[in-house]
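Heads up, the thing below is written out as structure tokens.
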Amino acid sequence: MTRLSFRPILLPLGILASCFAVAATARGQGGNIDLKPFMLETRQPNSDDTQRMNDLHDGKLRTVGPDAAKNKEVFKHFAQLLIYPVTQPQYYQTSDTGELKPRPASNNLDSVLSDIDHYLLVPDGTNRLTLDQADYVDGFGAALDQALVTVLTGKPGTPTIIRVNAGRFMAKVARSGAPAIAKTVLTILNNQFYKVGGKAVETPPDLLFYALKSAEGLLAAYDIRVPQAGLTAGKHSIPERDLISLVQVLELLVLKGPPVADKAAIINASTKPKPVAPAVQDPMGGAVPPVQPAPNADQPMGKLDAAPAPLTHDQEVVVTYYRRQAIRALAKVRFDVIGGQGGLPEVRPAWTLARIAVIDASLDFIPTTAEIGDAVIGLASLYPTGALNVDELLSVIARGTVLFVREKLAGIGDKTVPWKVYAARLNLALAGMRKLSLTNLQLRPQGGMVGGLAGVIIGDVLAPIERESVGARPSIDRLNNWIAQNTPKIQPAVCTTTTPSTN
């Protein structure tokens, strides 16, 4: 594998020759794993292919049209060149000489990840990309997706180390917002990607995490094909049906918890928590209690089942780690309501984020400080629709910000939270909301209130956190006053006094 760039690619024959001569092993905790049976390769591109790829990327050539078939082959070739290194043993070998020297860039997967950046187009809503480049994103995205699927499913028993790095690469390429990648991410999150004996099996936890990272990248991408203004402002790159499905699975993982607790520690079989059937919605309203399984015939009558064992601390940490990533992905959804027309179900991701931001009592978990911060950032990044009560939105953002920082002010905050990073992200989101209030039909009537709240949070809370090294100290006094003076016209149902979790 060579370093890819927009310059002509030079072939390092010595590196390629050595990978055929050396017996391939990956050193890990479980000993040596032979990676050679899983190795995938492709030929090096010629100068004409490289130039064509560069021109397609820059929009100088059209992806569709008379050369569509040729372009498809070039996409396939470059996708394999960029993705297949995760299967090649030279990237996993360690030196046996005892020398303390960095791995050469040509044998470093991080360098290959940076090569992908040369060919990836990331529609972030600010860059001006053409319709031809939109075709490039779709075409090259489909080729990258196929290469990833081949790596992950081409042969049974793919080693974890290959699967993890394929997941890393998937998260990188998902930032392009290519619809083909969205399909794969959905099947992974829905436990439909791997099958044994024709039946779907649970997604491995390592790939599940990177699928959540990929969902975050997908949802952050904007649709190149429509103006990012007016009625199409904020439109996502993936089709609405897939967008709704992605929101649904993310909400399920957030509210019910990702299925990873049993991966953190060995649970005694006698105290392993028993799965509970979900409640069924009664047509007349309310929930019908789940049907309980029949009692064990071997169990003496009158003896009660042992209560499910609570999660260990390590299990709680693992569950929180995955759940926070699901929240971060959900926070990239830019609309409070999606679907509800044309036979599509309606989803309300902003409602889920609002419940997390204010630690709503109806949640089955207590959000951590970081989860509250991610939820508030997501709410401040919305493109409100006519279904959203802006008074409530601003109230939740204000109260969520107080909950986010109050433990830090008391000196007992979570030491693992990168406060300056979160402050910068929320600052950017609030600045964007203030700008959006000049054009968005829902925010514009409340433009003064939006600007006032953003000014208080940025000036009194976020800026001091970012300048904390010079002695600045955040304050929530004016923010609490703002909350007291701006009670929503319809009192929100989401309210609590619970303290954030420290997991």
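The values are calculated or read from the model by the stated rules, or taken from the named source; none is laboratory data. Nothing here was measured: the structure is a model prediction, and the numbers come from that model. Here Cβ is always computed from backbone atoms with ideal geometry, including for glycine, and neighbour counts include all displayed protein chains.
Okay, here's what the table says:
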{"quantity": "Qualifying residue in segment 79-93 (condition: modelled with pLDDT under 95, touching a strand residue (DSSP E or B) at 6+ places or on another chain (Cβ under 6 Å) and of a type outside the set (A, V, I, L, M, F, W, C))", "calculated": "yes"}
{"quantity": "Candidate set from segment 443-460 (those that are among the aliphatic types (A, V, I, L, M) and under 19 Å from V405 (Cα atoms)); member that is surrounded by the most Cβ atoms within 10 Å (Cβ to Cβ)", "calculated": "I457"}
{"quantity": "Segment 463-496: number of residues that are modelled with pLDDT under 70 and either of a type in the set (D, E, K, R) or more than 29 Å from the chain's Cα centre (by Cα) (or both)", "calculated": "6"}
{"quantity": "The lone exception for N191 - which of (1) buried (at least 22 other Cβ atoms within 10 Å of the Cβ); (2) assigned to a loop (DSSP other than H, G, I, E, B) it fails", "calculated": "(1)"}
{"quantity": "Contacts under 7 angstrom Cβ, first residue in segment 182-211 being within 24 Å of V317 (Cα to Cα), partner assigned to a helix (DSSP H, G or I) and of a type in the set (D, E, K, R), 6 or more apart", "calculated": "P204/R163; P205/K263; D206/R163; L207/R163; Y210/R168"}
{"quantity": "Residue, farthest from G378 (Cα to Cα), within segment 430-442, restricted to residues that are buried (at least 20 other Cβ atoms within 10 Å of the Cβ) and out of contact with any Phe, Trp or Tyr (no Cβ under 9 Å at 6 or more places or on another chain)", "calculated": "S437"}
{"quantity": "Flag for V164 being farther than 21 Å from L330 by Cα, part of a loop (DSSP other than H, G, I, E, B), touching a helix residue (DSSP H, G or I) at 6+ places or on another chain (Cβ under 7 Å) and of a type in the set (A, V, I, L, M, F, W, C)", "calculated": "no"}
{"quantity": "Contacts under 7 angstrom Cβ, first residue in segment 33-52 being free of Cβ contacts under 8 Å to residues at least 12 places away in the same chain and surrounded by fewer than 16 Cβ atoms within 10 Å (Cβ to Cβ), partner part of a loop (DSSP other than H, G, I, E, B) and not aliphatic (A, V, I, L, M), 6 or more apart", "calculated": "D34/T25"}
{"quantity": "Test: P345 is over 16 Å from the mean Cα position of the chain (by Cα), surrounded by fewer than 21 Cβ atoms within 10 Å (Cβ to Cβ), under 28 Å from I372 (Cβ atoms) and at pLDDT below 85", "calculated": "no"}
{"quantity": "Qualifying residue in segment 175-183 (condition: among the basic types (K, R), modelled with pLDDT of 95 or more, closer than 19 Å to I244 by Cα and more than 11 Å from the chain's Cα centre (by Cα))", "calculated": "yes"}
